[in-house]
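S.K.: Below are the structure tokens for one structure; questions will follow.
The values are calculated or read from the model by the stated rules, or taken from the named source; none is laboratory data. Because the structure is a prediction, the values reported are computed rather than measured. Note: accessible area is taken over every heavy atom of the protein model, side chains too, but ligands, DNA and RNA are not part of it. Shrake-Rupley method; radii C 1.70, N 1.55, O 1.52, S 1.80 Å.
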Amino acid sequence: MTKKITIAIDGFSSTGKSTIAKELAKELEYIYVDTGAMYRAVTLYAMQQNYVSINHFNTEALINDINNISISFVFNETLGFAEVYLNGKNVEKEIRTIDVSKLVSKVATISEVRKKLVLEQQDMGKNKGIVMDGRDIGTVVFPDAELKLFMTASADKRAKRRYKELLDRGDSVNYEEILQNVQERDRIDSTRKDSPLIMAKDAVEFDNSDMGLKEQFERIMSLVNDKIH
Ligand code: DC
């Protein structure tokens with residue numbers, strides 16, 4: 001008999017958290033939740049309503065409208081993971097653009113946004129059997145998670161991965177712009193007042209700068225097996 005646990009994966013941007021989280025969820029038949037996608041969906045909404053742009057940031061307008069934002073995940077059989085929906089519309093592709101990436105860390109500093117999303121995340125994980133990735137999962141969302149992982153890799157490696165991902169998708173992107181965005185997001189995410197990105201005391205650190213997916217997966221599965229048996 002195995003028991004269902006909560007797996008919290010935190011770390012810097014583009015450390016491959018979601019790739020490993022998706023693999024784990026598939027292997028364990030757990031729910032996978034990408035919380036970055038939720039912050040990205042709120043950012044997209046704020047952009048669509050003209051509350052935020054590169055030149056202006058109307059925090060108050062966004063906070064006043066926050067109850068009109070509904071985020072959900074719908075499993076896509078073909079892709080094998082759940083796509084994010086904003087007010088009933090599939091926005092999986094739109095939320096990954098560099099324009100959203102440039103604004104999301106700032107939106108994620110707003111406590112009212114965090115409060116709403118953290119409550120929704122806790123609700124999704126109330127029955128355990130979940131793999132959730134983000135920045136504050138092991139520290140704030142599920143401080144009692146049975147397994148906490150903290151992923152790191154050099155900024156250069158991470159920017160190269162992100163660059164390739166966007167190129168493969170057909171986006172026209174500039175490597176320097178991506179490297180700058182990765183570094184700027186790390187800075188904002190780690191220094192914000194409300195739930196900054198820090199490693200939970202009981203997390204296991206994984207530097208995957210030079211580690212392939214297979215090796216990472218095997219090492220993590222052995223940690224999982226220790227917890228579920
Ligand atoms: O994982 P990602 O790069 O898609 O996340 C986008 C941004 O959302 C990230 O720069 C910080 C924010 N975020 C957060 O503050 N807390 C989370 N749990 C997940 C993401």
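S.K.: With every protein chain present, what is the per residue accessible area of the range 1-122 (1.4 Å probe, Å²)?
M.R.: 47
S.K.: Using a 1.4 Å probe on the protein heavy atoms, what percent of the accessible area of the range 135-229 belongs to carbon and sulfur?
M.R.: 51
S.K.: With a ≥ b ≥ c taken as the square roots of the eigenvalues of the C-alpha gyration tensor of the range 43-126, please select rounded if a/c is under 1.5 and otherwise prolate if a/b is larger than b/c or oblate if it is not?
M.R.: Oblate is the answer for the range 43-126, as a/c is 1.5 or above yet b/c matches or exceeds a/b.
S.K.: On a 27 Å Cα-Cα criterion, which of the cross-link pairs LYS89/LYS227; LYS17/LYS106; LYS126/LYS148; LYS22/LYS102; LYS89/LYS214; LYS26/LYS106 come out too long?
M.R.: Values: LYS89/LYS227 37 Å; LYS17/LYS106 21 Å; LYS126/LYS148 17 Å; LYS22/LYS102 25 Å; LYS89/LYS214 34 Å; LYS26/LYS106 32 Å.
Listed pairs above 27 Å: LYS89/LYS227; LYS89/LYS214; LYS26/LYS106.
S.K.: Right, here's the next one. What share of all Cα pairs of the range 141-194, in percent, falls into each consecutive 5 Å distance bin?
M.R.: 4, 17, 20, 18, 16, 13, 9, 4, 0
S.K.: Karplus couplings for the range 122-132 from phi (6.51 cos²θ - 1.76 cosθ + 1.60, θ = phi - 60°), rounded to Hz, Gly and Pro as x?
M.R.: 5, 5, 4, x, 5, 9, 6, x, 9, 10, 10
S.K.: Continuing with this model, one more query. Mind jotting down a quarter of the surface of the convex hull over the alpha carbons of the chain, in square nanometres, one decimal?
M.R.: Computing the convex hull of the Cα atoms and averaging its projections yields 12.4 nm².
S.K.: Continuing with the same structure: Taking every pair of Cα atoms in the range 82-153, average 1/r, invert it to obtain the Kirkwood radius, and report Rg/Rh to two decimals.
M.R.: Rg divided by Rh gives 0.97.
S.K.: Still on this structure, please answer the following. List the residues, sorted by chain then number, that are 5 or more residues from ILE110 or on another chain and whose placed amide H is less than 5 Å from its amide H.
M.R.: For ILE110, no residues qualify.
S.K.: Whose amide H sits under 5 Å from the amide H of GLU92, counting only residues 5 or more places off or on another chain, with H placed in the peptide plane?
M.R.: Here the answer is VAL84, since their amide H atoms fall under 5 Å of that of GLU92.
S.K.: Also, quick follow-up: Taking amide H positions as placed 1.01 Å from N in the peptide plane, with prolines and chain starts having none, which residues 5 or more places from PHE81, or on another chain, fall under 5 Å of its amide H?
M.R.: Hits under the 5 Å cutoff: ASN76.
S.K.: Sticking with this structure for a sec: Using a 10 angstrom cutoff on alpha carbons, build the Gaussian network for the chain and name the most mobile of LEU166, LEU79, LEU147.
M.R.: The residue with the greatest mean-square fluctuation here is LEU79.
S.K.: Could you compute Rg(Cα) / (2.2 N^0.38 Å) for the range 1-88, with N its residue count? Each step should come with its number before you reach the end.
M.R.: Details: Rg = 16.0 Å, N = 88, 2.2 N^0.38 = 12.1 Å.
For the range 1-88, the normalised Cα radius of gyration is 1.33.
S.K.: How high is the relative contact order of the chain, in percent, counting Cα pairs under 8 Å that sit 6 or more residues apart?
M.R.: 34
S.K.: For the range 142-196, what's the relative contact order in percent, using C-alpha pairs closer than 8 Å and at least 6 residues apart? Display every interim value, and only then the final one.
M.R.: Numbers: 21 pairs, mean separation 15.9, N = 55.
It rounds to 29 percent for the range 142-196.
S.K.: Let me see the pair-distance distribution of the range 145-228: every alpha carbon pair, 10 Å bin width, integer percents in order.
M.R.: For the range 145-228, the pair-distance distribution reads 15, 35, 34, 14, 1.
S.K.: Further question on the same structure: Add -39500 (n - 2.57) for each DSSP H run of 4 or more in the chain, then divide by its residues: what number comes out at 222 nm, to the nearest 500 deg cm²/dmol?
M.R.: That calculation yields -14000 deg cm²/dmol at 222 nm.
S.K.: Follow-up. Please report the relative contact order for the range 68-191, taking Cα pairs under 8 Å with a sequence separation of at least 6, and give it as a percent rounded to a whole number.
M.R.: It rounds to 17 percent for the range 68-191.
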